[in-house]
Amino acid sequence: MLRIHIPAIILLSIESASLANLSTNITAWLAPSRGTPTIILRANEMIPSTVHCQQSGKTYKEGETWYTGHLLYKCMKFGAYTILGCRTRKGRPMIISETYIDDFIVHQCFEENSKIYYRESPCDMPGQPLCGSFEQEL
């Protein structure tokens, strides 16, 4: 039996189906040991040393970034990932809430209802809005 002493109470929730470095399911709980919480594991059980991000069949390590379509992702701890920004068709990076106009196309990287979007719209062409009207939108 492995005992790991930790200085504070930690609540862990791990879905073992996506953990590639795990040999068996984890059975862990906190137990008081002279006032110090302890994680207890059964024999032959392991705590995953690293959990990588997996998206579109590829694996990314913590800190690595990648693009899927127009969105820029970053791998965080425990296999979680976040969206950092966007990129245009020509590969120009954009931060969230940025509007960029190039060759009568408005490129927008924006957040709405806690979701990140990338949008392209024509402008300054017959039947389309003025490019300047987009700059004030976001």
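So what are the ³J(HN,Hα) numbers for region 55-70, from phi and the Karplus equation (6.51, -1.76, 1.60; θ = phi - 60°), rounded to whole Hz, Gly and Pro as x?
Couplings: 8, 6, x, 10, 10, 10, 7, 3, x, 6, 10, 7, 9, 10, x, 9 Hz.
Cα extents of region 53-135 along the three principal axes, largest first, in whole Å?
49, 25, 16
Under a 5 Å amide H to amide H cut-off, with H placed in plane at 1.01 Å, what residues pair with Tyr81 once short-range neighbours are removed?
Amide H to amide H, under 5 Å and 5 or more residues apart or across chains, Tyr81 pairs with Met76.
Taking H placed 1.01 Å from N in the peptide plane, check which residues at least 5 places from Asp124 or on another chain put their amide H under 5 Å from its amide H.
Leu130, Cys131
Values in this text are rule-based calculations from the coordinates and carry no lab data. Predicted, not measured: the structure shown is a model, and the values here were computed from it.
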